[in-house]
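Below: one structure, written as structure tokens.
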Amino acid sequence: MGNFAGELFNKQGHLGALVPRVMPELAGVGVGRTEAACASGGIALMSAAEAICAGHDVVLVAGAECQTTVSAREGGEYLARAAHFQDERPIDDFTFPALFARRIKAYHEKYGLPLSDLAHFTMKAMENARKNPLAHMKANKWTFEAAAEGGDHNPQFLGNQELKDYLKVSDCSQVTDGGAALLLCSEEGLKKLGVDKSKAVKLRSYHLATNALGQTEDLTRMDTAGLAFCKTFNDGNVKVDDINVAEVHDCFTIAELLMMEAMGLEEPGKGVEAVKSGKTKLDGSLPVNTGGGLVGFGHPVGATGVKQAAEIYRQMKGLCGDYQIKSQPSLGVMANMGGDDRTCFTALFENMG
């Protein structure tokens, strides 16, 4: 069970023991909680994979977060615990938006990125979300012009005056309540469940990378994500050009841009070209965040990594309805990030049928 901050938002810990309360048939089965900030769901998936390697046949992987129990400012303080609280909390009342505004500022100064270009990521997310009945922003009416400019309709809400001009509401993921679940099985587990291999997706390789809190060396790079992608691609014996669909952690628009560079899809300084060229749209050569991503679908923190894996499964099996991509994907990759690129779990999936 992936969850970041149940004790804070809901005054409830020990979430593993809630599972048999909801599903009494699981009484007596071992259930535990995994936590790695926004990568909590990815860690749950990794833990399940390790359990399969250790001899289990069927493992339930779930993630959940309920964040709308408190005000935005109180929630911002809770989420700031995914950063180095002592050093980074004072940056702004909204710590994580400020940390990623800092990245936008650094990238803008180094590469000359027009700030309005980030609206291309916003619009891809919102257009995909409109096609997804489960998306937080399914009824959104964003336009590129509105997303590209700050103002009363799109506030630049940070209190930190050095960073205020670099981030707008449209650059941010949604504070969302939600959950996701999937089953990870061995071949024997599939037989026990009576599921044909053709209905499954193979977890071909995965990697978890972690770096020190509060010690980002280069704000224009996501080195932890880059390491995780590299290891996962190498272990899976694939290149980025082999990938047909991807789910990456777009907690902010700049995060998706930097993920495009971290995975090797674009050169440093060219990440925005992935979306401007149409490459990562639903009809592009590598659709990214097809259901809306964190910006459009939403970000129920502990569930996000599990949802990313489930989204790739759904694309591979043609279950995505209006946002289904045209060509059936053979290979998909996910990247679930915790904190400001401090933890990153990546996984490569192969369609079995």
Condition test on VAL58, is it of a type in the set (A, V, I, L, M, F, W, C) and touching a Cys at 6+ places or on another chain (Cβ under 6 Å)? yes
Out of all the residues in region 305-315, is one or more polar (S, T, N, Q), under 17 Å from MET222 (Cα atoms) and modelled with pLDDT of 95 or more? no
Please give the number of the condition GLU74 fails out of (1) of a type outside the set (Val, Ile, Thr); (2) over 22 Å from ASP218 (Cα atoms); (3) in a helix (DSSP H, G or I); (4) touching a residue at least 24 places away in the same chain (Cβ under 8 Å). (4)
Pairs, first outside any helix (DSSP H, G or I) in region 211-225, second of a type in the set (Lys, Arg), C-beta under 7 Å, six or more apart: ASN211/ARG342; LEU213/ARG342; LEU219/ARG102; LEU219/ARG103; THR220/LYS110
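Against the condition among the aliphatic types (A, V, I, L, M), touching a Ser or Thr at 6+ places or on another chain (Cβ under 8 Å) and under 19 Å from ALA309 (Cβ atoms), how does ALA225 come out, does it pass? First the steps, then the outcome.
On the way: among the aliphatic types (A, V, I, L, M): yes; touching a Ser or Thr at 6+ places or on another chain (Cβ under 8 Å): yes; under 19 Å from ALA309 (Cβ atoms): yes.
For ALA225, the condition - among the aliphatic types (A, V, I, L, M), touching a Ser or Thr at 6+ places or on another chain (Cβ under 8 Å) and under 19 Å from ALA309 (Cβ atoms) - is met.
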Among the residues that make up region 228-239, is at least one of them of a type in the set (Lys, Arg) and not in a loop (DSSP other than H, G, I, E, B)? yes
Quick one: in region 1-59, which of the residues that are closer than 22 Å to ARG81 by Cβ and of a type in the set (Val, Ile, Thr) is farthest from the chain's Cα centre (by Cα)? THR34
Filtered residue count, region 150-202, keeping only those that are more than 30 Å from LEU15 (Cα to Cα), touching a helix residue (DSSP H, G or I) at 6+ places or on another chain (Cβ under 7 Å) and not polar (S, T, N, Q): 9
Inspect all residues belonging to region 158-173 and state whether any of them is more than 24 Å from ALA274 (Cα to Cα) and among the basic types (Lys, Arg). yes
Of all the helices (runs of 4 or more DSSP H) wholly in region 1-64, which have at least 1 residues that are surrounded by 23 or more Cβ atoms within 10 Å (Cβ to Cβ) and in contact with a strand residue (DSSP E or B) (Cβ under 6 Å, 6 or more places away or on another chain)? 40-53
Exclusive hit being within 23 Å of HIS249 (Cβ to Cβ) and part of a helix (DSSP H, G or I), set ALA129, ALA146, ALA135: ALA129
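The rows are residues; the columns are (1) within 28 Å of ALA303 (Cα to Cα); (2) surrounded by 19 or more Cβ atoms within 10 Å (Cβ to Cβ); (3) at pLDDT 95 or above; (4) among the aliphatic types (A, V, I, L, M).
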{"site": "ASP87", "(1), (2), (3), (4)": "yes, no, yes, no"}
{"site": "THR95", "(1), (2), (3), (4)": "yes, yes, yes, no"}
{"site": "PHE100", "(1), (2), (3), (4)": "yes, yes, yes, no"}
{"site": "THR122", "(1), (2), (3), (4)": "yes, yes, yes, no"}
{"site": "HIS136", "(1), (2), (3), (4)": "yes, yes, yes, no"}
{"site": "TRP142", "(1), (2), (3), (4)": "yes, yes, yes, no"}
{"site": "GLU145", "(1), (2), (3), (4)": "no, no, yes, no"}
{"site": "GLU149", "(1), (2), (3), (4)": "no, no, yes, no"}
{"site": "PRO155", "(1), (2), (3), (4)": "yes, no, yes, no"}
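With the structure loaded, tell me whether ALA246 is closer than 29 Å to GLY353 by Cβ and in a helix (DSSP H, G or I) or whether it fails that test. It would help to see each step written out before you state the result.
Values: closer than 29 Å to GLY353 by Cβ: yes; in a helix (DSSP H, G or I): no.
No; evaluated as a whole, the condition is false for this residue.
Check region 257-268 and report whether any residue there is touching a residue at least 40 places away in the same chain (Cβ under 8 Å), closer than 17 Å to LEU182 by Cβ, assigned to a helix (DSSP H, G or I) and not aliphatic (A, V, I, L, M). Let's see the steps before the verdict.
Keep residues of region 257-268 that are touching a residue at least 40 places away in the same chain (Cβ under 8 Å), which gives 257-259, 261-263, 268.
Cutting the leftovers down to closer than 17 Å to LEU182 by Cβ gives us none.
No, because not a single residue in region 257-268 is touching a residue at least 40 places away in the same chain (Cβ under 8 Å), closer than 17 Å to LEU182 by Cβ, assigned to a helix (DSSP H, G or I) and not aliphatic (A, V, I, L, M).
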Go through the residues of region 279-289 one by one and say whether even a single one is of a type in the set (A, V, I, L, M) and either within 17 Å of the chain's Cα centre (by Cα) or part of a helix (DSSP H, G or I) (or both). yes
Of ALA274, ALA262, the only residue that is within 27 Å of PHE96 (Cβ to Cβ), surrounded by 17 or more Cβ atoms within 10 Å (Cβ to Cβ), in contact with a Cys (Cβ under 9 Å, 6 or more places away or on another chain) and small (Gly, Ala, Ser) is ALA262
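The values are calculated or read from the model by the stated rules, or taken from the named source; none is laboratory data. All figures in this text were calculated on a predicted structure; none of them were measured in a lab. Cβ coordinates were reconstructed from backbone atoms using ideal geometry, including for glycine residues, and neighbour counts include every protein chain displayed.
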